[in-house]
Amino acid sequence: MFIQHMMGMLYHPKTEWNQIRDEHYSVSHIFLQQVSMLSAIPAIAMFIGTTQVGWSINGTDFVKLDVMSALPAAIAFYFAMWAGVAFISYCIHWMEKTYGGTISFEDCVSLATYTATPLFLSGLAALYPLLWFNVSVGLAAVCYSVYLLYTGVPVIMKIPEDRAFMFSSSILTVGLCTLVGMLAATVILWSTVIPLNYVAG
């Protein structure tokens, strides 16, 4: 069912949101069967890309990461995405009453997870970690996630379009701040706790 919802989000998101709203999954189900799989996509792709292909800005002079250095970084990134989804879900649940929502925390987790699905899938681009290519794919994924957010909030939250627009904008702000915070934490971890060792490409 999850795979069907993922495909539906790509082809007919408005219809798919209605189906997701009628299916009430538990938090453990969403994290263990959905977030766990989605988070593995960018983490594994990044590990393979950085150790087997190497980073490059212009398509030349590739620089690879040592396997024993990339592995803990990939694991930390994997669980950081779990934390990111959980934090955004908590913020959605905390803010919903301000905009007239009355849904459960489980539905908030579903909203956060399915909205972020394009971002998770865009992690496949890390298999070939060329800067302009990864940035292009990431920006396209962000744009589509924003579209899913603005179409999904009024359906999942069952609130009018005007309030849904304001609520979606608030969620978007939280999501962007969370993303920036995760990137900053990653840089700090990579320079202190989990230092990266590079090898010639």
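Please work out if G138 is under 28 Å from S28 (Cβ atoms), surrounded by 14 or more Cβ atoms within 10 Å (Cβ to Cβ) and among the small types (G, A, S). Criteria not met by G138. Applying the criterion of being β-branched (V, I, T) and open to solvent by 50 Å² or more (accessible area, probe 1.4 Å) to the residues of region 167-192, the residue that is nearest to V146 (Cα to Cα) is T173. Summed over region 55-111, the residues that are open to solvent by less than 20 Å² (accessible area, probe 1.4 Å), under 27 Å from L196 (Cβ atoms) and either touching a His at 6+ places or on another chain (Cβ under 7 Å) or not hydrophobic (A, V, I, L, M, F, W, C) (or both) give a count of 3. Just one of (1) crowded, with 18+ Cβ neighbours inside 10 Å; (2) polar (S, T, N, Q); (3) in contact (Cβ under 8 Å) with a residue 40 or more places away in the chain fails for S145. It is (3).
Within the span defined as region 151-166, every residue fails to be under 18 Å from the mean Cα position of the chain (by Cα) and either open to solvent by 60 Å² or more (accessible area, probe 1.4 Å) or of a type in the set (F, W, Y) (or both). Checking every residue in region 132-141 against the condition of being within 23 Å of M95 (Cβ to Cβ) and either of a type outside the set (F, W, Y) or over 12 Å from the mean Cα position of the chain (by Cα) (or both) gives zero matches. In the set A70, A43, only one residue is touching a residue at least 12 places away in the same chain (Cβ under 8 Å), assigned to a helix (DSSP H, G or I) and under 24 Å from L176 (Cβ atoms); that residue is A43.
The values are calculated or read from the model by the stated rules, or taken from the named source; none is laboratory data. Here the structure is a predicted model, which is why all the values come from computation and not from measurement. When we count neighbours, we look across all protein chains shown, and the Cβ atoms used for this are built from the backbone with ideal geometry, even at glycine. Each accessible area value is taken on the protein alone, full model and side chains, heavy atoms only, with ligands, DNA and RNA left out. Shrake-Rupley method; radii C 1.70, N 1.55, O 1.52, S 1.80 Å.
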